[in-house]
Amino acid sequence: MGYLLRVAYKHLQHQPPTLKPFKPTVFVTKTFSIPENHSQRFKLHNEVHARAPVSLTLPVRSTVLALALSNEEKKLELSHLTNLCERYGVSPPKEDATHFSTTLDSFKVRWEQHGEFSSYSFFVQNSSEEPFSRFSLEQVPNDWLNQLPGKVIVAAHASMIDANPETSNPESISNYFSGNAIIGAEVTGGAAQAYTDFKIHADGFSRFLILNNNLKSAQAGRLLQRLFEIETYRVMALLTFPIVKQLAPNLNDADQQLIAITNAMARPDSDDAKLLDELTTLAAEVENNISTHQYRLGAANAYYNIVEQRTEDLREVRIQGIQTIGEFMKRRLEPAIDTCVSTSNRFNRLSKRISNAGQLLRTRVDITIERQNQALLTSMDLRAKMQLRLQETVEGLSIVAITSYVVSLMGSITKAANTSEWVNLNPTLTTGLSIPVVLLIVALGVRRIHRKIHTDD
């Protein structure tokens with residue numbers, strides 16, 4: 001009996017302690033008196049939660065429409081969305097909204113407004129039909145769809161279905177893309193496979209096929225949004241490429257014209273004023289091209305950066321024999337973007353070269369003008385000296401003339417005085433003796449007047 005009691009005691013010692021029922025901690029919200037909030041605090045804080053992906057229940061059919069809009073067309077979007085919401089009795093977007101999503105009976109709609117375009121995404125829960133046999137736009141009112149403001153820049157269908165041996169075959173997948181070579185990879189850590197051919201099919205839409213392995217609802221929404229954004233921003237980035245092609249001849253002509261002007265500047269007999277006029281005209285043309293197309297050239301690189309980021313977010317894993325989306329973008333899109341960037345850099349370098357040439361030419365013109373001014377000042381100085389000498393000569397002659405007049409006058413006075421009986425002077429002697437006296441007095445008087453004039457000045 002004692003033995004059994006000892007065994008039972010040891011057994012009880014090794015038993016785990018009895019767990020008490022879990023009671024969650026209740027946190028009491030306490031308010032504090034802090035300074036007044038910034039007017040944009042809550043808006044900026046919640047910005048990270050804006051434009052969140054739609055949570056999807058697979059299988060799903062989806063369509064995205066990206067439309068390029070003018071400023072006037074952007075003002076019509078909200079009223080157009082409001083009309084759609086009123087049809088289905090759903091609260092419309094706010095007046096200042098730039099994004100909106102809601103469920104309308106059998107489909108979901110998501111709207112986003114961007115700087116140059118707006119996108120509309122439509123989602124419908126799929127059925128057992130084959131991929132691309134039916135589309136989400138079938139549920140959208142056709143009259144409302146036709147009145148969407150803007151011009152379509154991207155239109156794409158997507159079908160998200162569960163993977164199976166029949167659909168996972170590359171040949172079978174190619175049939176969904178009209179037999180075209182497919183591009184794709186395992187994405188989202190192997191949770192799905194994404195395929196496309198990046199071509200517009202006979203219906204005017206491109207296509208994406210997503211085979212689900214174990215996607216969650218949130219993952220499915222993010223994956224679909226990334227694929228749509230890759231397609232949209234890829235096309236938006238390429239909007240610059242036709243412009244670059246048109247600018248290439250103008251850029252080459254401007255480059256050659258600058259070379260001709262700089263070569264002419266090196267010649268000693270060049271007409272600097274004419275060259276400066278030509279250079280000014282060339283600078284105006286180049287700066288006009290830069291100001292007109294700089295935004296478009298900068299946007300191409302910005303859009304491409306987004307494409308690269310979204311492609312990286314896919315976390316692609318190669319499927320044997322199939323080119324990945326990232327490889328396709330690098331091989332097909334990157335050269336076009338590099339051309340756009342190169343054109344922008346060429347314009348900037350050309351503008352700087354023209355500015356340097358202009359500074360050099362203006363320096364030469366300024367030096368020439370300075371030399372001309374110096375020669376003119378030298379000539380004016382010589383003329384002033386000649387005038388001074390002439391003035392001094394005239395002054396000397398005027399002293400002689402005044403002296404002669406005064407002496408002659410004194411001679412006449414002496415002769416007149418001799419007619420009286422009280423004066424008996426020799427006119428010749430008197431005249432001769434008065435000459436030095438008169439000359440001295442006149443010279444001193446002229447000198448005094450001259451000094452007074454200079455003092456007043």
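Filter the stretch 195-218 down to the residues that are more than 35 Å from the chain's Cα centre (by Cα) and closer than 19 Å to residue 55 by Cβ, then identify the one that is surrounded by the most Cβ atoms within 10 Å (Cβ to Cβ). Here the residue is 210. Scanning the stretch 71-111 for residues that are among the hydroxyl-bearing types (Ser, Thr, Tyr), under 35 Å from the mean Cα position of the chain (by Cα) and over 24 Å from residue 225 (Cα atoms) yields a single hit, 79. With respect to the conditions (1) outside the structural domain of residue 154 (by TED's automatic domain parsing); (2) among the hydrophobic types (A, V, I, L, M, F, W, C); (3) in a loop (DSSP other than H, G, I, E, B), residue 215 lacks only one, and its number is (1). Can you name the condition, by its number, that residue 376 falls short on among (1) of a type outside the set (Ser, Thr, Tyr); (2) farther than 26 Å from residue 436 by Cα; (3) at pLDDT below 75? Among (1) of a type outside the set (Ser, Thr, Tyr); (2) farther than 26 Å from residue 436 by Cα; (3) at pLDDT below 75, the lone unmet condition for residue 376 is (3). Of the residues making up the stretch 280-338, those that are within 17 Å of the chain's Cα centre (by Cα) and of a type in the set (S, T, N, Q) are 288, 289, 291, 292, 294, 301, 305.
Filtering the stretch 308-347 to residues that are buried (at least 17 other Cβ atoms within 10 Å of the Cβ), closer than 25 Å to residue 221 by Cα and either of a type in the set (S, T, N, Q) or without any contact (Cβ under 8 Å) to a residue 12 or more places away in the chain (or both) leaves 311, 324.
Could you say whether any residue in the stretch 168-181 is touching a Lys or Arg at 6+ places or on another chain (Cβ under 7 Å), in the same structural domain as residue 63 (by TED's automatic domain parsing), at pLDDT 90 or above and part of a helix (DSSP H, G or I)? Looking for residues that are touching a Lys or Arg at 6+ places or on another chain (Cβ under 7 Å), in the same structural domain as residue 63 (by TED's automatic domain parsing), at pLDDT 90 or above and part of a helix (DSSP H, G or I), one finds none in the stretch 168-181, hence no.
The values are calculated or read from the model by the stated rules, or taken from the named source; none is laboratory data. Bear in mind the structure is a predicted one, so any value in this text is a computation, not a measurement. Please note: Cβ atoms are built from the backbone with ideal geometry, for glycine as well, and neighbour counts cover all protein chains shown.
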